[in-house]
Structure formats: structure tokens, C-alpha cells
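**Q** So that we are looking at the same thing, I have put the structure below in C-alpha cells.
Just so you know, all these numbers are worked out from the coordinates, no wet-lab data involved. Owing to the predicted nature of the structure, the values given are computational and were not obtained by experimental measurement. Note that we place each Cβ from the backbone using ideal geometry, even for glycine, and neighbour counts take in every protein chain shown.
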Amino acid sequence: MPPKPRVLLVDDEPSLREMLGILLRREGYDVLACPGFVSAREAALNAPTPWDLVLTDLMMPDGSGLDVLTEAKSRSDETEVIVMTAHSTVETAIEAMKRGAYDFITKPFTNAELKALVHKALEKRTIVAENARLRAQVEGRGTGDVIGHSEAMRKILELTQKIASSRSTVLITGESGTGKERIARAVHEGSERRDGPFLVVNCGAIPEALVESELFGHERGAFTGASTRTRGIFREADGGTVLLDEVGELPAAVQVKLLRVLQERKVRGVGETAETDIDVRVIAATNRDVERDVKEGKFRQDLYYRLNVIRIEVPPLRERREDIAELTAHFLERAGREHGKQVRGLSPDAARALDGYAFPGNVRELENIVERAVALSSGPILGLGDLPREVSGTASSPSPGLGVLPEEGCDLDAVVGELERRLILQALDRAQGVRTHAAKLLGVTFRSLRYRMQKHAMQTEEDAAESGPESDTTEGSQR
């Protein structure tokens, strides 16, 4: 059985202390009741393990509930604190929440109200503890949510570990769908800010007129429609990390203000007269050629230098094909779990089709392909027919002798090579993966087919096992 949640109860009224102690013990909690701040301080400091929850009165003869809060949090920041207060001291109770209390409850309160609040506070503590445990497992692997064993990804993961503890801004560049947000999250989770917020802002998705307000906040009445005051992303992320995704889309006026925020670490919202100190690490990401934008005057050079303190360039998936199989296995497991299906893997032909595909949408496209295939699948193994036609090579295309030359011309070798690759995939699909049968459908020898598959990066280790003596005599003429 799991241990009982441990609750420290602090109140100078004996009758209330006794009644609450009985109530909490009936709920299954291990309760220690103290008559005031002094005895609570001794209990909080001398306990062998931190308290799960502290329930304290605010006003007591020998001290304040704020002092109890400070002592409990100094022992362990994971301890949740609920403050009991009278109506006349609500403002002080709010101050307790600013100092880290979970919540406050105003006297008189019902038993149901208190039990519900205690349950929620302990539930939050359980979730935080579980997240910490999972994060420790992730950090033990050192990869966070980033998957890949290619040389390029190995170097990126090593770099994220090196820079995680610093406060320097990071610029992550790469094509759309390469996993820039996951890498940014790995930097955050490996840092001392891991318990703070990690907020993502898509700079290109916010209307230009609202970007400044979204980032830095605004005062009530600052502009038409500003009916309430908002804190803005940077204030909400205080103590944590902000990812400015697609930072190259920021309007010029906001670029100026962002530069000042990075330099001064202060924020002033729209319509505000005073600045607010912030402690936020900024990570920026973009799929644009920022250097070109700087030369063309579309992006401020001084802001670029501020963001580009540490640079991480994420290569497209087509340049790290050795990661495709690992990523596919990860997405298969997750999609199978989400759709309630037992999908064990891919057929050899389906795996070859994925390995030979260009992935213009990168990792995000692979994830979508796998999820779609799992959702539509009817068996434990995904075959070539479960993949989109553009991936499997079965999409309709001109026959080999009826190609049409585009107006702008074409790369003949590339066109012929792509047609050859697609015909091979179709032959393999029709032959149900039997390569000797596929070779006959294409009118070539087995070795010729194997050579062509190798040329298109479709070669597998099992090909050698299927090699037959019949292929030795005609290989040269068929190539």
C-alpha cells in the first residue's frame, strides 16, 4: 500500500485543531497537529521527510502563517501549503499565495469545502512528483523528446546538454517539421528552469496588430477592445523559457521592443508607464534564411546578433535517413496506443518505401504518415498499401514512353531515376515482396534489380539471401 499523505496542521484554537485533525484522519491522512508557529517550526524542520501538505491558520499569538509557509517551503518546495484566514485578512492570504501557498480558505468553511481543497492540493503534489520522476528518466537518457541516432542528431543532443545550464539565447534553424520545438524543449528540460513555464509563441500566427500585446501585455483601455489588463507571454513565462517560433515573421516595430527586452530584461506592455523585471530565457526558431533577411533589411541585424548567441541547425530528415526507422518505430508505438491497435511494425516493402521517400515535410510528415496508416490499418503489420500513394510509388504518373517535357525543361536523370524507383516499388508490391518475381515483372535479372534497388537506397541485408545462380550470366547485359 502507498504511504498515507502527511499533513501538518497548525492552529491555536484547540477545538478547531481537534475537529480538523479528526476530519483529516478520517480521510486517510497522517496528521500532526501543532498549536502555533513555534511548535510547527520544530515539526517542519525536524521531520525526517518533507510534509506533503501544511494547513495553517494565518494569525496566531506566537507567529504568522506566513512564517509557517516560509519554514515549510525552505524544507521542500514540493510541500503544498493552504492558509486558513478570516475575512479581514484576505489580502494577507493573497500575499501568502504570492509566496508559494497553494491556496487559502476563508473561515468559516464547511467540511466539504476543506476536504475538496486538501484533495486538490495533494493531487497537484502527486502530479508534480510524477512529472519530476519522468523528467529524471528523460534526463538519464539525455535526449528528452528528441529521437535519432544519426551523427547529426548526436551532435545536436550533445550541444543541448552543454548549453542547457546557461542563460544564453539560442537560435534554432531548419526546415518546417524538422523538430525545432522538441529540441527547444530539450534545452529547457535540461536546465535549472525545468520547473518553470515553457511557453511557445508562433510569431507568424498572431495578427500583426496584436503581436506586441501578446508578447508584452497591455493595460486596460490601451486600445480598442482592451477591456482587461493582460500580463503577456514574457511575464507569464517568468522563471522559465519562451520559444519564439518563426521569429523571422516578427514586425519591425516588435523587433525593436524585443531587442530591448533581451538587453534590459525588462518588459513594458502597451499603454503601461512602468517596466517590469523578468527572468526569462529566450529560444528562437525559424525556417527562414535569417542572414538573407538581414541583408535585405527584413530583420534587424542587432536583434539577429542577440538571438544568434548559440546556433543549432537541424538538418532535414532526408539528410539523416538513418533516423527514419527509429522515428517510425516511435510513432508506430504511440499511434497504436492512441488508436487502441496492436501494430507491430512494417512490411519490408513498406519500410523500403519510407526509407526511399524524400519527406518534404520532414519528421512531421513522417508522423502524419504513420498515424494515418495505423488509423486505416486492419492488421498488425503495415504494408505498402497502407502508405499514401506518393510514398508507396503507386501514384498515377505518365507511362515510361509518354512523358511530357515541362516548359522550363527538366533534369532527365532525376526524372528517369524517380520513374525507375516507382516502377520497382510497384513491382515489389505486386510480387508481394518476392524480389525474384518482381525482377521478372520488370524484365531484368535478380542481380540487376538488386543493383537498381541499391542505387535508389532501397537495398536491404536480406537481398543477399535471395540471390540465385540464374542471375550470374545475364547481369551485365541487363544493366
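**Q** Under 12 Å Cα to Cα from LYS455, which aspartates and glutamates show up? Leave out anything in the same chain fewer than 8 places away.
**A** Filter leaves GLU418, GLU420.
**Q** Give me the angle, in degrees from 0 to 90, between the Cα long axis of helix 252-264 and the longest principal axis of the Cα atoms of the chain, rounded to the nearest 10.
**A** With both axes taken from Cα atoms, the answer is about 50 degrees.
**Q** Please label the shape of the stretch 6-133 as rounded, prolate or oblate, based on the square roots a ≥ b ≥ c of the eigenvalues of the alpha-carbon gyration tensor (a/c under 1.5 means rounded; beyond that, a/b larger than b/c means prolate, else oblate).
**A** Judged from the Cα gyration tensor, the stretch 6-133 comes out rounded (a/c under 1.5).
**Q** In addition: Per 5 Å bin, what percent of the C-alpha pairs of the stretch 201-240 does each bin hold, from zero upward?
**A** Spelled out bin by bin, the stretch 201-240 gives 6, 24, 29, 23, 15, 3, 0 percent.
**Q** If neighbour count is taken as other Cβ atoms inside 10 Å, put CYS410, CYS34 in order from fewest to most.
**A** By the 10 Å Cβ count, ascending, the order reads CYS410, CYS34.
**Q** Sticking with this structure for a sec: Report the convex hull volume per residue for the chain, counting only C-alpha atoms, in Å³.
**A** With only Cα atoms used, the chain gives 228 Å³ per residue.
**Q** Right, here's the next one. Using only alpha carbon pairs under 8 Å that are at least six residues apart, calculate the relative contact order of the chain and give it in whole percent.
**A** With pairs under 8 Å counted, the relative contact order is 10 percent.
**Q** Additional query: About the Cα centre of the chain, what is the dipole size in debye to 20, counting +1 per Lys and Arg Cβ and -1 per Asp and Glu Cβ, all else neutral?
**A** I would put it at about 280 debye.
**Q** Okay, moving on. Report for the chain the percent antiparallel among DSSP-assigned beta bridges with both residues inside it, nearest 5.
**A** Here the antiparallel bridges make up roughly 10 percent for the chain.
**Q** Give the angle, between 0 and 90 degrees and rounded to the nearest 10, that separates the Cα long axis of helix 151-163 from the longest principal axis of the Cα atoms of the chain.
**A** In the chain, helix 151-163 runs at an angle near 20 degrees to the longest axis.
**Q** When GLU189, GLU275 are ordered from fewest to most other Cβ atoms inside 10 Å of their Cβ, what list results?
**A** GLU275, GLU189
**Q** Divide by every residue of the chain the summed helix terms, -39500 (n - 2.57) for each DSSP H run of at least 4, and state the resulting mean residue ellipticity at 222 nm, rounded to the nearest 500 deg cm²/dmol.
**A** Calculated mean residue ellipticity at 222 nm is -14000 deg cm²/dmol.
**Q** Further, regarding this structure: Restricting to the stretch 163-314, what percent of DSSP beta bridges are antiparallel, rounded to 5?
**A** The answer is about 15 percent antiparallel.
**Q** A further question follows. With only alpha-carbon atoms in the gyration tensor, what are the semi-axes of the equivalent ellipsoid for the stretch 312-398, in Å, largest first?
**A** Equivalent-ellipsoid dimensions as semi-axes: 20, 17, 11 Å.
**Q** Quick check on the stretch 219-345: what does the Kirkwood estimate of hydrodynamic radius come out to from the alpha carbon pairs, in Å?
**A** After inverting the mean inverse Cα-Cα distance, the result is 18.1 Å.
**Q** Same structure again: Report the dimensions of the stretch 255-300 along its three principal axes from the alpha-carbon atoms, largest first, rounded to Å.
**A** Here the Cα extents, ordered largest to smallest, are 36, 21, 15 Å.
**Q** What angle do you read, to the nearest 10 degrees and between 0 and 90, between the alpha-carbon axis of helix 446-455 and the longest principal axis of the chain?
**A** 50
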